[in-house]
Amino acid sequence: MNISILGSTGSIGTQALAVADDLKGIKDITVKALSGNRNVALLEAQARKYTPDIVAAFDEKCASDLKVRLADTSCRVLSGEDGLIAVAAHPDSEMVLSAIVGFSGLIPTMHAIDEKKDIALANKETLVTAGSLFMDKIAENGVKLLPVDSEHCAIFQCLEGNRGNKIRKILLTASGGPFFGKTYDGLKNVTKEMALRHPTWSMGAKITIDSATLMNKGLEIIEAKWLFGVDIDNIEVVVQRESIIHSMVEYEDLSVIAQMSLPSMKHPIQYAFTYPNRLPSADPRLSLKDIGTLTFSEPDEDTFKCLRLAKEAGRQGGIMPTVLNAANEEAVEQFLDGKITFTQIGDLVEKALSDYKNITNPTIDEILRVNQEVRELFK
Ligand code: NDP
Ligand code: MG
């Protein structure tokens, strides 16, 4: 299978390339195009190892540097949004892994769908911000949409063999993050270093902070609504501290189907690459005897208000998830830059949501405009 990877230098992108290595001789994956932003050294190394036709660095300066570094190869080096679009639209790629972090992934991913590529979707912010347009485009172009987010990959697997049966509830599992059990006051003085220390997953900085505020779970509720056509109120978050059960689906007969594996993103990435087949994995096996105990509890939405805010924005629909996402991306960046405290992330998102009047059925231009406007508020 030929693929393009948007965000190849990130946590998901590098694990996807590792999966492609693992699958050699089992299912050969040829990487036709890659993109990153600023990690020129890694882009160069990836270009030399996987010999794609196109490599794009979003950052113009980094792309110029990369061009010099790859001058002895036949690889085309591109930059900016056009470069990302060229990666997404490579004529020989059958699948595009969308693994850019944040809103920047939206336009290239939409182009990939227009070019009739199957989509392996890690970049949840695109579905949160433009879910309705995104899902319409998937349907119009008749392409497959394979969720890479571990919970959504789990739900997708729990639906296999049950399509057509009514879903009673989606039970979306959450690790609870590094601050599980803390009170709101206890969150006031947490540092960036503490927030970046996730108990069960190793991920990029933005999603790690989202996991600490529980905004990640809120974004995932909205993501699940679009992927599986389930109302926000039928998606229940269950804290599963060990991150072994990646999510569950409850049917009308009250049967609950769960998907389990060790917490490794290589599992959902490989599933997307090999679907509908289940091929051998190079990962360690899950031993339930070694795990011993699986625990379940309720999330605390008063302490972790980002989860509540995301649910509210998801229920309101229209432009509100775009506002939520843009405000959160900016607030997280400010927190990582040391400009605001941890609890201010939720406060700033709340303020942005209360300042905005909803727009129902927003167009792509309205989404782009509001995304920009909300970000300006943070400058
Ligand atoms: P990382 O921060 O590790 O990687 C982000 C990638 O996007 C890098 O390749 C980076 O390039 C690139 N990038 C950043 N900004 C831009 C931009 N403006 N234009 C183009 N490319 C850009 O993120 P993750 O891999 O952790 O996450 C990627 C996505 O997957 C997110 O949406 C996240 O929510 C989702 N996800 C991640 C999981 C994980 O385990 N990591 C789990 C589930 C979902 P460079 O490094 O070269 O600057
Ligand atoms: Mg997830």
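Before moving on, here are some points about what is shown:
- Unit charges at the beta carbon, dipole of the chain: most positive-side option, N361, V31, S104: V31
- For V148, distant residues with modelled amide H under 5 Å away: L121, A122
- Just checking the listed ones, R197, R369, R308: in the Gaussian network model of the chain with Cα springs under 10 Å, the one fluctuating most is R369.
- Label point distance in nm, L377-R48, each placed 7 Å from Cα along Cα→Cβ: 4.7 nm
- Three principal axis extents describe the C-alpha atoms of the range 35-133; from largest down they are 44, 25, 19 Å.
- When both bridge partners sit in the range 171-272, DSSP labels roughly 60% of those beta bridges antiparallel.
- Amide H to amide H, with H built 1.01 Å from N, I359 comes under 5 Å of I319, M320, counting only residues 5 or more places away or on other chains.
- Residue with peak Gaussian network fluctuation, the chain [Cα springs, cutoff 10 Å], from L23, L146, L307: L23
- The DSSP beta bridges internal to the chain are antiparallel in roughly 25% of cases.
- Backbone N under 14 Å from the L196 label point (7 Å along Cα→Cβ), restricted to the range 337-355: 337-339
- The distance linking the range 340-366 with the range 12-60 is 35 Å (Cα centroid to Cα centroid, whole angstrom).
- Positive-pole candidate from P52, A89, A331, dipole of the chain, charges at beta carbon: P52
- Phi-based couplings in Hz for the range 64-71 (Karplus 6.51, -1.76, 1.60; Gly and Pro marked x): 4, 4, 4, 4, 5, 4, 9, 4
- Cβ charges +1 (Lys, Arg) and -1 (Asp, Glu), total dipole of the range 28-160, debye: 340 debye
- If you run the Gaussian network model on the chain, springs between alpha carbon atoms under 10 Å, then out of V239, V190, V249 the most flexible one is V190.
- Pairwise alpha-carbon distances in the range 68-115 exceed 14 Å for 53% of all pairs.
- Label point at N358 placed 7 Å out along Cα→Cβ; residues across the range 295-332 whose backbone nitrogen lies under 15 Å: 309-324
- Considering only GluC sites (Glu not before Pro) in DSSP loops that have at most 13 other Cβ atoms within 10 Å, the longest stretch of the chain without any of them is 1-159.
- Dipole moment magnitude, nearest 20 debye, the chain about Cα centre, only Lys, Arg, Asp, Glu C-beta charged: 620 debye
- Sorting K182, K169, K144, K289 by solvent-accessible area of protein heavy atoms yields K289, K144, K182, K169, largest first, with a 1.4 Å probe.
- Mean sequence separation of contacting Cα pairs (under 8 Å, at least six apart), scaled by the length of the range 318-379, corresponds to a relative contact order of 54 percent.
- Kirkwood Rh, angstrom, the chain [1 / mean 1/r, Cα pairs]: 21.1 Å
- Residues with amide H under 5 Å from that of S175, placed H, sequence gap 5 or more: Q240
- Relative contact order for the chain: 15 percent, from Cα pairs under 8 Å spaced at least 6 residues apart, divided by residue count.
- Scalar couplings 3J(HN,Hα) for the range 86-92, obtained by applying the Karplus form with A = 6.51, B = -1.76, C = 1.60 to θ = phi - 60°, are 4, 5, 5, 9, 3, x, 8 Hz; x denotes Gly and Pro.
- FRET efficiency, 1/(1 + (r/R0)^6) with R0 41 Å, evaluated for A41 and Y184 via beta carbons: 0.50
- Taking every DSSP helix (H) stretch of at least 4 residues in the chain, weighting each as -39,500 (n - 2.57) and dividing the sum by the residue count yields a mean residue ellipticity at 222 nm of -14000 deg cm²/dmol.
- Accessible-area ranking of W226, W201, largest first, probe 1.4 Å: W226, W201
- For the range 103-110, 3J(HN,Hα) computed residue by residue from phi via the Karplus equation (6.51, -1.76, 1.60; θ = phi - 60°) reads 4, 4, x, 4, 5, x, 5, 4 Hz, glycine and proline entered as x.
- Each Lys and Arg Cβ is given +1 and each Asp and Glu Cβ -1; about its Cα centre, the range 221-365 then shows a dipole of about 440 debye.
The values are calculated or read from the model by the stated rules, or taken from the named source; none is laboratory data. Just so we're clear, the structure is a prediction, and the values are computed from it rather than from any experiment. Virtual Cβ from ideal backbone geometry, glycine too; neighbours counted across all protein chains shown. For the accessible areas, the whole protein counts, side chains as well, though only heavy atoms, and no ligand, DNA or RNA atoms are used. Shrake-Rupley method; radii C 1.70, N 1.55, O 1.52, S 1.80 Å.
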